[in-house]
Amino acid sequence: MNKIKVIFNGSFCGESFKSIQKAQNVSMSAAQENLEKSLYDAIGYESDIEFYSLSAIPVRSFPGNKKLFWKYKNIKLNTNVIIHQLSFINILILKQICYFFECFFITFKWCFKNRNSKKIFLSYSTNPVFLKAQLFLFKIFKVTKVILVSEIPEYRLFTEQSSFIRKFLLNKYVKISTKEHQSFDKYILMTKAMNDIVNINNKPFMVCEGMINIEAVLNKSTDNEICIDENYILYTGTLDCKYNILKFIDYFLKLELPINFYICGDGNTVEIIKKYSKMHNNIVYLGMVSKNATIYLQQKAKYLVNPRGKEVFTRFSFPSKILEYLATGKPTICCKLEGIPNEYNKYLNYIDMSTEENAIKDLKNIFNYNYNELSMKSEHGREFVLKNKSNIVQVKKIIDFIYK
């Protein structure tokens, strides 16, 4: 049987993710990196797929990242997945020009080589530079175009950009991306609400709010590089002001609980959090930690928290952190966002972060509740995500949807 040929646009870094993160003045989000790794690992189990990925490593342009020349690198991740990390000159505009031409020639070569095979194009959201180089070729070679939409371009926030040129280009990027969304044949969406925005031509779509890497979950981490106690609440992720992390710290301190609050990550609130940790013994900032250390901390925590509140864009997003937390089997505290389907309600512990009074009331109710019952509820949540939201299960659903 001839294998189905899939070409994928992504931004996978692999082993270099940690070193790139350290070398930049602005941190990268691990959410896409983790999702791509989960996708690739699951594809490794599919015997009838040959998966070729074009990866644009999301490094900051010089001087945000000091390395000027990035050489291409091929990675054979498993028997079915080959990743081509693109080469480029790391200067704004020059980098995009490099991407365009390299992407065009590699895609043409791939299409011609597989001209007699069933061909699928899968894109992780829209990268205008890539798509301008590819869509013409896909029309000629009759490639089915599918997009995995993780965010709505028009709701992306660029308020932290210091460069006028960068702001201008990113706004152009948003406008082009919004238009390019209409070029696809099928849509894989994080939330159902996305469909009304990106799929205006009413093409086939499915909802896949994310996936957890089953191997990472089942292999208990023993990475205890950090000395911890056994009585703490934990937050791991982006420390951005809009995610309510500072509000949650204030509410936590007012409760005067006999428990520590551990915080991992990076973002625009780090310096304030460091001040909190110096003033209060029960606020502990651990900085950026490794993936294994993150898993270890989550597995040992008493409660896991994600205080991200309701905003305009939250109906179009599902926090990957929710799946990650649920997979540990530990009580998860979060807000009821519009992008979270109702099937998760019986496994999560919701708080209302809209007012201090509501948040503190909800937190008191959670912390005063019988912990054994909360743990049982969380264990059911773990069973739910392992059975229904693992990368193996979700990728099978995606493949079935694409082949229909």
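The values are calculated or read from the model by the stated rules, or taken from the named source; none is laboratory data. Being a predicted model, the structure only gives us computed values, none of them experimental. A quick note on method: Cβ atoms are made from the backbone with ideal geometry, for glycine too, and the neighbour counts reach across all protein chains shown. Please note that ligands, DNA and RNA were not included when accessible areas were found on the heavy atoms of the full protein model with its side chains. Shrake-Rupley method; radii C 1.70, N 1.55, O 1.52, S 1.80 Å.
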Per the C-alpha gyration tensor (a ≥ b ≥ c, the square roots of its eigenvalues), segment 1-130 is rounded if a/c is under 1.5, else prolate if a/b beats b/c, else oblate; here it's oblate
At 1.4 Å probe size, with no ligands or nucleic acids counted, give the accessible surface of Ile93 in Å², nearest ten.
90 Å²
Find the accessible area per residue for segment 14-118; the probe is 1.4 Å, ligands and nucleic acids are left out, and the unit is Å².
53 Å²
Could you work out the relative contact order of the chain? I mean the mean sequence separation of Cα pairs under 8 Å and 6+ apart, divided by the number of residues, in percent.
14 percent
Tilt relative to the chain, helix 128-140 - C-alpha long axis, 0 to 90 degrees, to 10:
40 degrees
Not counting ligands, DNA or RNA, and with a 1.4 Å probe, what is Glu338's accessible surface area in Å² rounded to the nearest 10?
110 Å²
Using unit Cβ charges (K, R positive; D, E negative) and no other charged atoms, how large, in debye to the nearest 20, is the dipole of segment 48-150 about its Cα centre?
140 debye
Enumerate the calculated ³J(HN,Hα) couplings along segment 69-85 in order (Karplus 6.51 cos²θ - 1.76 cosθ + 1.60, θ = phi - 60°), each rounded to whole Hz, writing x wherever the residue is Gly or Pro.
10, 10, 8, 4, 8, 9, 10, 8, 6, 7, 4, 10, 10, 10, 10, 10, 7
Enter the angle in degrees (range 0 to 90, nearest 10) between the Cα long axis of helix 391-403 and the first principal axis of the Cα atoms of the chain, meaning the one along which they spread out most.
40 degrees
Rounding to the nearest 20 debye, state how big the charge dipole of the chain is about its Cα centre with +1 on each Lys and Arg Cβ and -1 on each Asp and Glu Cβ.
1580 debye
Ignoring ligands, DNA and RNA, what percent of the 1.4 Å accessible area of the chain is carbon and sulfur?
55 percent
When only C-alpha pairs under 8 Å and at least 6 residues apart count, what is the relative contact order of segment 184-297, in percent?
25 percent
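For Arg382, Arg115, write out the residues from largest to smallest accessible area, computed with a 1.4 angstrom probe and no ligands counted.
Working: Arg382 40, Arg115 120 Å².
The most accessible residue leads, giving Arg115, Arg382.
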What pairs in Lys145/Lys179; Lys5/Lys389; Lys18/Lys73; Lys5/Lys73 have C-alpha atoms more than 23 Å from each other?
Lys5/Lys389
Ordering 275-283, 241-249 by per-residue average of other C-beta atoms within 10 angstrom, highest first, gives 241-249, 275-283
Protection proxy (average C-beta count within 10 Å per residue), highest first, orders 12-21, 321-330, 369-378, 292-301 as 321-330, 292-301, 12-21, 369-378
Probe 1.4 Å - accessible area at Ser150, Å² to nearest ten
30 Å²
Of Phe384, Tyr296, Phe401, which is farthest towards the positive pole of segment 274-404's charge dipole, taken about the Cα centre with +1 and -1 on the beta-carbons of Lys, Arg and Asp, Glu respectively?
Tyr296
Could you name the lysines in cross-link range of Lys71, using Cα to Cα under 17 Å and dropping any fewer than eight places away on the same chain?
Lys95
In degrees, nearest ten, helix 245-255 long axis to first principal axis of the chain (Cα):
20 degrees
Counting only heavy atoms of protein chains, what accessible area per residue, in Å², does segment 274-365 have with a probe of 1.4 Å?
43 Å²
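If you take the square roots of the eigenvalues of the alpha-carbon gyration tensor of segment 95-155 and sort them as a ≥ b ≥ c, do you get rounded (a/c under 1.5), prolate (a/b over b/c) or oblate? The partial results should precede the final answer.
On the way: a/c = 2.73, a/b = 1.34, b/c = 2.04.
Taking the square roots of the gyration eigenvalues as a ≥ b ≥ c, segment 95-155 is oblate.
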